[in-house]
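A.B. asks: One structure, as C-alpha cells, below. Some questions next.
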Amino acid sequence: EPEASVHLAKILSAPCSIPPTFPPNLKDGWTTDPGCDAKKQPNTCSYHVGAWGCYRHSFKNTGPGAQACYDRKGNWLSDTWQGAGTLDAETALGSIFQQLRHYTADVVPYDNCCTTSGLPQPSTCNLYFEKRPTGICEVKPVV
C-alpha cells in the first residue's frame, strides 16, 4: 500500500463549504455520493456517521478519487471520526467493474479495520485512516 501522499497528489481539493441545499452537482465535477445523499436523510451515510451529505470526484475512470462530506449547514468535515470523507485508492465513480475495484480496495479494508469485532478499536481504524485521509479543502466557488 503506497503512502497516502501518492494518491492525494492525484485528487482535487474539496470545497470548504457548499450551499446547505446540497445541489446534486458542484463545480469542477463533484457529484452527489449515493451512499451519503443529503436528500435521503436520515436513511443514508452509514459509512460516514455525522455527515449530512457527501460528494465524490475523480479525474479519471480508474485510480484514486476524492470524497468530501459536509455537515447540515454545508461545512466541510475534516475529522474522520465525525463523518468526514476519505481518499479512495480506487474511485467509486464509473462502471460496475470500477465500483468492484473500489469495494475491494477501499470498502473491504475499511470494514476489516473499523467494523470487525475482536480487533483493537480504534487503533486498527486509525491505520486505515492513515492510508485514506480526508485530504484538504479549499475556499472556492462551488456552483
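A.B. asks: Using a Förster distance of 22 angstrom, determine the FRET efficiency expected from the C-beta separation of Ser5 and Lys39, and round it to 0.05.
C.D. replies: Numbers: r = 34 Å, r/R0 = 1.54.
Taking R0 as 22 Å, the efficiency between Ser5 and Lys39 is 0.05.
A.B. asks: Continuing with this model, one more query. Loop sites only, by DSSP: take the trypsin sites (Lys or Arg not before Pro) in the chain that have at most 15 other C-beta atoms within 10 Å and name the longest stretch containing none of them.
C.D. replies: Numbers: sites that count: Lys10, Lys60, Arg72, Lys73.
Longest stretch, sites excluded: 74-143.
A.B. asks: Quick one: which residues, 5+ away or cross-chain, put their amide H under 5 Å from the amide H of Asp33? H built at 1.01 Å from N.
C.D. replies: Cys54, Tyr55, Arg56
A.B. asks: Could I ask something else about it? Please find the FRET efficiency linking Trp81 to Thr21, where r is the Cβ-Cβ separation and R0 is fixed at 25 Å, and quote it to the nearest 0.05. Could you put the intermediate results ahead of the total?
C.D. replies: Values: r = 27 Å, r/R0 = 1.07.
It comes to 0.40.
A.B. asks: With +1 on each Lys and Arg Cβ and -1 on each Asp and Glu Cβ, and nothing else charged, work out how big the dipole of the chain is about its Cα centre, in Debye to the nearest 20. Intermediate values should be presented prior to the final figure.
C.D. replies: Working: 12 positive and 13 negative charges, 85 e Å.
For this selection, approximately 400 debye.
A.B. asks: Can you give the FRET efficiency to the nearest 0.05 for Leu12 and Asn112, using r as the Cβ-Cβ distance and R₀ = 41 Å?
C.D. replies: Values: r = 28 Å, r/R0 = 0.67.
Taking R0 as 41 Å, the efficiency between Leu12 and Asn112 is 0.90.
A.B. asks: Place a label point 7 angstrom from the Cα of Asp28 along the Cα-to-Cβ direction, then list the residues of segment 48-73 whose backbone nitrogen is under 19 Å away.
C.D. replies: Within reach of a label on Asp28: 53-71.
Computed from the coordinates by the stated procedures, all read-outs in this text should not be read as laboratory data. Predicted, not measured: the structure shown is a model, and the values here were computed from it. Heads up, the Cβs are rebuilt from the backbone with ideal geometry, glycines too, and the neighbour counts pull from every protein chain shown.
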